[in-house]
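J.: The structure follows.
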Amino acid sequence: MKRTPLYETHKNLNAKFTEFGGWEMPVQYSSIVTEHLAVRSIAGLFDLSHMGEIEVSGQGANELVQKLSTNDVGRLNDGRVLYTLFCNETGGIVDDLLVYRHTDNHYMLVINATNIEKDMAWVETCNDTGAEVKNISEDTALIALQGPQAIDLLNPFVPERDVSKIPYFRFVLGEVAGIRTVISRTGYTGEVGFELYVPAVSAERLWTTLYPAVIAVGGQPVGLGARDTLRLEAGLRLYGMDMNDDTNPFEVGLSRFIRFKNRQFIGKKALLAEKKEGITKQMVGFQMLDRAVARAGYAIYQGDERIGSVTSGAPSPSLKCSIGFASIESPAVSENEKIDVEIRGKLHPAKIVEMPFIKN
């Protein structure tokens, strides 16, 4: 399995490891609940260096990224970040990603770890604009600092600016503890926070600089376990669980990230047809009404009729109940309606609730 530049650091912290998309990653250090609640109340430090980064540059860069993206990259100016989707010709989701615009001819695409090779092949296949496409994943490390105290924790290490002035979904090029860094006001937790992109060779130095400051205020290093429960509470989808090549953006509640007007992109024709015909599935949030935990793949029933299945589910440390996302036949249910989840042959009660589950 692949390992991030911080693998030995995690071992020294007695992390428990798991396999994720071909990577050996820390799933937890203390406990998932402890790490989760630390992010909600104080701060957490994450190693996300398994994520992929693709650089698109040169003449034709803007044209290529626009062609690939369902969202309108043309709305970006320098220093802005955009959440978007790559779709195939049938409207299926190739991946969801962030687009960073450095300049009109220089973009960084941040993609899912499980899709690095697939996405790189897709971008190269679609590249008929003359843009230069480079996989910079191995040379790039990503460390996230998330939680209510993230700004106060990061500021002392960035003497050249006040990081609280960086707006949401914006980034700046600067130095963190003397390390050249892309400082991005983004995250996957629903909290205030930053994602810090540095050269892979600088990852250990950045981590060991930030870690003592985080621990000193009661924060925690955070593994993939709490990262999953945090994103679930925040209503954020996960590629490979909640969406894939066979689902379209309408079916997973991401239609707001499609911009059809005055632009062409791969999958537009198929998505317009889907929109006209009406969707046959929808993604909803649900909350269990007993102590049972709903996991991916469990069947959803309404009465005697199976209407869908769970795509993601876990106990919510913040809400002290189990929550999840479900893909159901539309318009089978609406908010506050009761459903049942089949768990090991028995039906357990749940109700449809608004997403996100936690609003910060």
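No lab work stands behind these numbers, since they all come straight from the coordinates. This one's a predicted model, so the numbers in the text were calculated from it and none came from an experiment. Virtual Cβ from ideal backbone geometry, glycine too; neighbours counted across all protein chains shown.
J.: D for the stretch 1-150, whole µm²/s, Stokes-Einstein with Kirkwood Rh over alpha-carbon pairs at 20 °C and 1.002 mPa s: what number?
T.: 127
J.: What is the order of 259, 101, 291, fewest Cβ neighbours within 10 Å to most?
T.: Starting with the residue having the fewest Cβ neighbours, the order is 291, 259, 101.
J.: Another question, if that's okay. Grab the alpha carbons of the stretch 225-360, take their convex hull, and tell me the volume per residue in Å³.
T.: 125
J.: State which entries of 275/338; 67/269; 118/281 exceed 19 angstrom in Cα-Cα distance in the structure shown.
T.: Exceeds cut-off: 275/338; 118/281.
J.: Considering the Cα trace of the stretch 27-79, what is its radius of gyration and what is Dmax, both in angstroms?
T.: For the stretch 27-79, the Cα radius of gyration and maximum Cα-Cα distance read 18.2, 48 Å.
J.: Still on this model: How much net charge surrounds residue 133 when only the other residues with a Cβ under 9 Å from the Cβ of residue 133 are counted, with Lys and Arg +1 and Asp and Glu -1?
T.: -2
J.: If you don't mind, another one. Return the label of the correct value of semi-axes √(5λ) of the Cα gyration tensor in Å, as calculated from the structure shown, out of [x] 32, 28, 17; [y] 36, 24, 23; [z] 43, 21, 20.
T.: [x]
J.: Now, a different point. Using 1/(1 + (r/R0)^6) with R0 = 30 angstrom and r between the beta carbons of residue 77 and residue 255, what's the FRET efficiency to the nearest 0.05?
T.: Result of the calculation: an efficiency of 0.75.
J.: Sort 288, 120 so the one with the fewest other Cβ atoms within 10 Å of its own Cβ comes first.
T.: Fewest-to-most ranking of 288, 120: 120, 288.
J.: Using just the Cα positions, wrap the stretch 52-119 in a convex hull and report its mean projected area in square nanometres, one decimal place.
T.: 4.2
J.: Here's a follow-up. Once you have the Cα-Cα distance between residue 24 and residue 180, take 0.36 nm times their residue separation minus that, and quote the gain in nm to one decimal.
T.: 53.5 nm
J.: Sticking with this structure for a sec: If r is the Cβ-Cβ distance from residue 347 to residue 117 and R0 is 45 Å, what FRET efficiency results, to the nearest 0.05?
T.: Taking R0 as 45 Å, the efficiency between residue 347 and residue 117 is 0.65.
J.: Just grab the label-to-label distance for residue 299 and residue 160, each label 7 Å out from Cα along the Cβ direction, in nm (one decimal).
T.: Taking the two extended label points, one gets 6.0 nm.
J.: Taking only C-alpha pairs under 8 Å that are 6+ residues apart, what is the relative contact order of the chain in percent?
T.: Relative CO of the chain lands at 18 percent.
J.: Using the membrane-span-like helix rule (whole DSSP H runs, Cα extent along the own axis of at least 18 Å, mean Kyte-Doolittle hydropathy at least -0.5), which helices of the chain qualify?
T.: Those that clear 18 Å and a mean of -0.5 are 203-216.
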